[in-house]
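> Starting off with a structure, shown below.
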Amino acid sequence: MTETQRTWTEAESARYRAAGHWQGKTFGARLRESAAGHGGRVALVDGDRRWTYAELDAEADRVARGLGGLGIGRGDRVVLQLPNRAEFVLVWFGLQRLGAVPVHAMPGHRRREIGHLVRVAGAVACVVPDRHARFDHRELMREVRAEQGPDGSLRHVVVVGEPGTGDGFVSFEALRTQAPSASGPGSDDGRADAADIALLLLSGGTTGLPKLIPRTHDDYSYNARACAEVCALDARTVYLAVLPLGFNFTFACPGVLGTLMAGGTVVVAPDPSPQTAFALVEREGVTLTSLTPPLVPHWMDEAESGSWDLGSLSVVQVGGARLPEEHARKLGPALGVTVQQVFGMAEGLINLTRLDDPEDLVHATQGRPVSPDDEVLVVDADGRPVPDGAAGELLTRGPYTLRGYYRAEEHNRTAFTPDGYYRSGDVVRRLPSGHLVVVGRIKDQINRGGEKVAAVEVEEQLLAHPAITAAALVGMPDERWGERSVAFVVCAGAAPGTREVAALLKERGLAGYKAPDEVVQVPGLPLTPVGKVDKAALARLLPRP
């Protein structure tokens, strides 16, 4: 490993290798193999731009040489904050060729989140767009660098687009075009080891800011391959990346990596609207895509217009939050597809309904584990297993589930059992078939359409408002988002409205999705017998939809 971290035991590692789960190949080497086996096939599509497997392989070398010219090498962490465009994939594989470690940031992250990622990862570079969604990421990076100071780790900012002015800012296009394009001794396939950290994903962040999730070449490639096998991916697969590429769901469940390992084609959608997506389905013959529950009703409504040819689309995955059963029943007929429910975590365990599962399991459960070596326990508050059908916390370990967060040893002591099970914080019921039904969460976290909002982070920032003396953020059921966030506030005077609160949080550097959907003034916050805020009592103050 290039970083000290908790990892699997020697016996477990040997067992996973013997089972063929871990194959000892880096992602750089896997792309090289794919180029040899599928060289002329189209691997990646973004608008009018196309790359065959051979061209994608050569581009990874070109990008690696450009990044290597900046001094980036094996083990260096690089924050990758790009919207849905091909450059995300090109940079990702370029970093893999160097043995460097991409840190998957979300396009909506701002100064507070990006600054945190740079500090914790010790990132030497960030890769950002010039502007996206009317936001200037170059200015964001100037703020991050100013906060970090001259002794910080961040040396380079690579900008996809116009880099503007600033020391250490470099154009991605200039970087890649100045590098030699031919492969050869300069390409870095041999410098990484399959047991090295290949990437750092982000946790949902139940204590404010996200923790970093180390994924190795061995475990993450198995994650993608196991999902691809369940989804029956092959060279005819055309996967449409609708959700952000930085999401684990989009990237490896089976997503981008699973499709490329199967020899299929990845099509990048610049936005998740059904109009954009359906046009790409028609043009590219898309067979598989992934959605979060809030998108489902919009896609069904657009499909009702009857003006789109969706005949190629075979499977639609839905995950990131629980899909209402009513929508699960309607989605398949509306789009003429097989619906696949997905329940997983960037920390590891992925559950999928099977393509031949009975409808009642597809509609009412969130799938079962993809690996025969996924170990799942459902336990009560004392850690004792509960019988099938009873609700309890999900604990898990296996060949692609982490054994420790990155540089978070104090948190690791409580997040894992002594024998290596990850305490997910999710409350589930397990059926005799092995399928899981998600009931809720133990963690104080709101899942708003797949975006995880840590209540404590928002509560702390709300107290910066001069009128707010106490605050509690509570998740409430919502038909569109799965959950919406409601800020209960105690104020000296009138409570601020949602727009004022959103502006405050934006000013303080929080991502936009963390702003509460509703602000409710209360005379005081109710407490439990042990003196904690009673959020269940607060939730009862509002009518449920």
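The values are calculated or read from the model by the stated rules, or taken from the named source; none is laboratory data. Since this is a predicted model, take the numbers as computed values, not measurements. No Cβ is skipped: glycine too gets one built from the backbone with ideal geometry, and neighbour counts run over all protein chains shown. Remember, those area values only see protein heavy atoms, side chains included, never the ligands or the DNA or RNA. Shrake-Rupley method; radii C 1.70, N 1.55, O 1.52, S 1.80 Å.
> Enter the accessible area per residue of the chain (Å², integer; probe 1.4 Å; all protein chains in place). Mind showing how you got there, number by number?
Working: 21030 Å² over 545 residues.
Per residue, the chain has an accessible area of 39 Å².
> How large is the charge dipole for region 67-177, taken about the Cα centre, if only the Cβ atoms of Lys, Arg (+1) and Asp, Glu (-1) carry charge, to the nearest 20 debye?
Details: 15 positive and 12 negative charges, 49 e Å.
With Lys and Arg at +1 and Asp and Glu at -1, about 240 debye.
> Per 0.36 nm of contour for each residue apart, how much would the distance between Glu282 and Leu527 grow if the chain were fully extended, relative to their Cα-Cα spacing? Each step should come with its number before you reach the end.
Working: separation 245, 0.36 × 245 = 88.20 nm, distance 5.53 nm.
My answer for the length gained is 82.7 nm.
> Would you kindly find the accessible area of Cys231, with a 1.4 Å probe and non-protein molecules such as ligands, DNA and RNA excluded, rounding to the nearest 10 Å²?
Roughly 10 Å² of Cys231 is accessible to a 1.4 Å probe.
> Not counting ligands, DNA or RNA, and with a 1.4 Å probe, what is Thr469's accessible surface area in Å² rounded to the nearest 10?
90 Å²
> On to the next question. Which shape class applies to region 287-327: rounded if a/c is under 1.5, otherwise prolate when a/b exceeds b/c and oblate if not, where a ≥ b ≥ c are the square roots of the Cα gyration tensor eigenvalues?
Values: a/c = 2.61, a/b = 1.42, b/c = 1.84.
It is oblate, given that a/c is not under 1.5 and a/b is not larger than b/c.
> Within the chain, what whole-number % of the accessible surface is contributed by carbon and sulfur, with the 1.4 Å probe and all protein chains included in the calculation? Walk me through the numbers on the way to the answer.
Working: 10600 of 21030 Å².
The C+S portion of the solvent-accessible surface of the chain is 50 percent.
> If I take every Cα pair under 8 Å that is 6 or more residues apart in the chain, average their sequence separation and divide by the length, what percent do I get for the relative contact order?
On the way: 1195 pairs, mean separation 64.3, N = 545.
It comes to 12 percent, rounded to a whole number.
> Just to confirm my numbers, what's the Cα centroid distance between region 492-535 and region 139-168 in Å?
If we compute the Cα centre of each part, the gap is 32 Å.
> In nm, give the distance between the simple-model label positions of Arg155 and Asp193, each being 7 Å from the Cα along the Cα-to-Cβ direction.
Here the answer is 2.4 nm between the modelled labels.
> From largest accessible area down, sort Asp136, Asp382; use a 1.4 Å probe on the protein chains.
Working: Asp136 40, Asp382 115 Å².
Ranked from most to least accessible, the order is Asp382, Asp136.
> Quick check on the chain: helices-only [θ] at 222 nm, where DSSP H runs of length 4 and up contribute -39,500 (n - 2.57) each and the sum goes over total residues. Nearest 500, please. Show your work: numbers first, answer last.
Values: 18 runs with 174 residues, N = 545.
Calculated from helices alone, the mean residue ellipticity at 222 nm is -9500 deg cm²/dmol.
> Sorted by accessible area (1.4 Å probe), largest first, how do His104, His132, His116 line up?
Heavy-atom accessible area, descending, gives His132, His116, His104.
> Could I ask something else about it? Where the centre of each part is set by its Cα atoms, how far does region 274-309 sit from region 1-60, in angstrom?
For region 274-309 versus region 1-60, the Cα centre distance is 29 Å.
> What residue among Tyr405, Pro372, His435 has its Cα farthest toward the positive end of the dipole of region 358-455, where the charges are +1 on Lys, Arg and -1 on Asp, Glu, each on the Cβ?
Most positive-ward Cα: Tyr405.
> Just by accessible area at a 1.4 angstrom probe, what is the order of Ile468, Ile442 from largest to smallest? Numbers along the way, then the final one.
Details: Ile468 10, Ile442 105 Å².
So, going from the largest accessible area down, we get Ile442, Ile468.
> Let me ask something else. What shape does region 414-505 have by the C-alpha gyration tensor, where a ≥ b ≥ c are the square roots of the eigenvalues, rounded means a/c under 1.5, and otherwise prolate means a/b greater than b/c and oblate the rest?
Working: a/c = 3.46, a/b = 2.03, b/c = 1.71.
Prolate.
> With every protein chain left in place and a probe of 1.4 Å, what is the accessible surface of Arg397, to the nearest 10 Å²?
40 Å²
> So if R0 is 45 Å, what FRET efficiency would Ala11 and Thr165 give, r being the distance between their Cβ atoms, rounded to the nearest 0.05?
Details: r = 55 Å, r/R0 = 1.23.
Once rounded, the FRET efficiency stands at 0.20.
> Label points 7 Å out from Cα along the Cβ direction at Leu355 and Glu139: separation in nm?
For Leu355 paired with Glu139, the spin-label model returns 4.8 nm.
> A follow-up question, please. Once you have a ≥ b ≥ c as the square roots of the Cα gyration tensor eigenvalues for region 24-136, tell me rounded if a/c is under 1.5, and otherwise prolate or oblate according to whether a/b is larger than b/c.
Note, shape of region 24-136 comes out oblate.
> Which one of Ala494, Gly168, Ile114 is farthest out on the positive end of the charge dipole of the chain, using unit charges on Cβ (Lys, Arg +1; Asp, Glu -1) and the Cα centre as origin?
Of the candidates, Gly168 comes out farthest on the positive side.
> Could you calculate the contour length gain from Ala18 to Arg480, that is, 0.36 nm times the residue separation minus the distance between their Cα atoms, to one decimal place in nm?
Numbers: separation 462, 0.36 × 462 = 166.32 nm, distance 4.49 nm.
The Ala18-Arg480 span can extend by a further 161.8 nm.
> First measure r as the distance between the Cβ atoms of Ala467 and Ala537, then evaluate 1/(1 + (r/R0)^6) with R0 = 22 Å and state the FRET efficiency to the nearest 0.05.
0.45
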